[in-house]
Amino acid sequence: ILALALFNGRVSADLQTGDIITSAAWIIDGDSLRINTRQHLKYEIRLFAINAPELSTQQSINATWFMINLIKQGGRKVECKIMHRDKYKRYVSICTNKTGDLGELMLKNKQAKIIKYFLRTAPKKLQKTAVYPRKCIRGLN
């Protein structure tokens, strides 16, 4: 189910770098999702270091459906480690579920591209935790 980001509930207090949230996820597009916690708090998440095609293109539709399927296969539950916040106040995060690292799976299946900006702006100690394919990260430098 594709859910657009309409925040009609409580939005949480700020999360900190390194915090981990685990809950059900709804897909916004190929690189963004929304997490609703049991405390009825809502977080908009941007996947760390990837960029999926923009909305309104066939590639975007394909990437979004690919992400929907990853979330479904993982039982809708995701775990996200907060890396930082972007200029749109989204939590840039490394997110995983039963299928694996969502960003890495999007990259491996050619549904998204890796981008330098997120890798360079993440705190140094957390950059090392990224599990993206080494050849992708090496190609950025």
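Quick rundown of the values:
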| read-out | value |
| --- | --- |
| Calculated on alpha-carbon atoms, Rg and Dmax of the range 8-93 in Å | 12.7, 36 |
| Long pairs among Lys81/Lys116; Lys72/Lys116; Lys87/Lys116; Lys89/Lys110, criterion Cα-Cα beyond 25 Å | Lys72/Lys116; Lys89/Lys110 |
| For peptides 44-50, 88-94, 73-79, 30-36, sequence by mean Cβ density within 10 Å, most packed first | 44-50, 30-36, 88-94, 73-79 |
| Potential lengthening between Lys108 and Leu15 on full extension [0.36 nm per residue; Cα-Cα distance subtracted] | 30.6 nm |
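Any read-out appearing in this document is the output of simple, stated calculations on the displayed coordinates, not a laboratory observation. For clarity, every value in this text was computed on a predicted model and none was experimentally measured. Heads up, the Cβs are rebuilt from the backbone with ideal geometry, glycines too, and the neighbour counts pull from every protein chain shown.
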